[in-house]
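Please read the structure below before turning to the comments.
The values are calculated or read from the model by the stated rules, or taken from the named source; none is laboratory data. For clarity, every value in this text was computed on a predicted model and none was experimentally measured. Every residue, glycine as well, gets a Cβ built from its backbone with ideal geometry; the counts of neighbours run over all protein chains shown. The protein model used for the area step is the full one, side chains on, heavy atoms only, and it has no ligands, DNA or RNA in it. Shrake-Rupley method; radii C 1.70, N 1.55, O 1.52, S 1.80 Å.
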Amino acid sequence: MAKTNIPEKGAIVQRDLETFAIHPHIPGGFADPALLRKIADVAEKYGAKFVKLTGAQRIAIIGIQEEDLDKIWAEFDDKSKAIGLTIRSIQMCPGTRSCKKAKQDSPGLGFALDKEYYGKPAPAKFKIGVSGCSNCCSDSWMKDLGFYGTDDGFTAVVGGKGGGTPKPGRELIKNLTAEQAVALTEKVIAFYRKNGQSPERLGATIERVGFDTFTKAVLL
């Protein structure tokens, strides 16, 4: 029998319909040498076909057996998972911590959002991107909720998505502090959980209920 994804084990079935891939949690793609060694050791120990850097700033361990999934996850200190109808990895650039073009500390905001929301349930997959400047290296405009830095704070954009029917987001509000951005995120996710109809993404929910209705709910 062909196998399928196993969300509770954070496992995605592969093209052969027999083996799986997992994605250990790497907040914002900031990995220390110990975690990189652990991923390499686990991949080798359990006979993975290969590892792959992903667009979500994670490292996928690909081509592992179903019977090894629990043992593999036990190897990692952080066992949190995010596949299926969840809030996915928060994508973030280095921001003012290293980039000369950055205007704001995108990792500071990104880590706060990751800690609060990564892997939590949502009506459909929900993606967040935090960029330190308007270059939007974290694809903020193509996320369900995005932030990018300016001289005056963070600008929030909503309703973007990639995939087969890509659509850029829409500007929501400017000049937010990091704390205000976290508070806004809470309101946006609460609105989506209350009004979203799976499998529609946030942008489709906003289109269905109306942008004015959405903004009144999350900005007041």
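Selection of segment 1-37 for residues being surrounded by 19 or more Cβ atoms within 10 Å (Cβ to Cβ) and of a type in the set (A, V, I, L, M, F, W, C) yields Ala11, Phe20, Ala21, Ile22, Ile26.
Of all residues in segment 123-147, those that are over 12 Å from the mean Cα position of the chain (by Cα) and either touching a residue at least 40 places away in the same chain (Cβ under 8 Å) or part of a loop (DSSP other than H, G, I, E, B) (or both) total 9. Any chance segment 51-60 includes a residue that's within 22 Å of Ser106 (Cα to Cα) and among the polar types (S, T, N, Q)? Yes, the conditions are met somewhere in segment 51-60.
Looking at Thr54, Thr96, just one residue is among the hydroxyl-bearing types (Ser, Thr, Tyr) and within 19 Å of the chain's Cα centre (by Cα), and that residue is Thr54.
Considering only residues in segment 182-220 that are at pLDDT 95 or above and not in a helix (DSSP H, G or I), the one that is farthest from Trp141 (Cα to Cα) turns out to be Gln197.
crowded, with 16+ Cβ neighbours inside 10 Å, in contact with a Phe, Trp or Tyr (Cβ under 9 Å, 6 or more places away or on another chain) and of a type outside the set (A, V, I, L, M, F, W, C) - does that describe any residue in segment 38-52? Among the residues of segment 38-52, at least one is crowded, with 16+ Cβ neighbours inside 10 Å, in contact with a Phe, Trp or Tyr (Cβ under 9 Å, 6 or more places away or on another chain) and of a type outside the set (A, V, I, L, M, F, W, C), which makes the answer yes. In segment 201-220, the residues that are in contact (Cβ under 8 Å) with a residue 12 or more places away in the chain form Cβ pairs under 6 Å with partners that are open to solvent by 10 Å² or more (accessible area, probe 1.4 Å) and in a helix (DSSP H, G or I), at six or more places apart or across chains, as follows: Thr205/Asn195; Val209/Asn195; Phe214/Ile206; Ala217/Phe191; Val218/Lys187; Val218/Phe191. Only residues that are under 19 Å from Thr54 (Cα atoms) and either open to solvent by less than 20 Å² (accessible area, probe 1.4 Å) or modelled with pLDDT of 95 or more (or both) were counted in segment 147-165, giving 1.
Would you be able to say whether some residue in segment 71-80 is open to solvent by 80 Å² or more (accessible area, probe 1.4 Å), farther than 24 Å from Cys137 by Cα and part of a helix (DSSP H, G or I)? So far as segment 71-80 goes, yes, one or more of its residues are open to solvent by 80 Å² or more (accessible area, probe 1.4 Å), farther than 24 Å from Cys137 by Cα and part of a helix (DSSP H, G or I).
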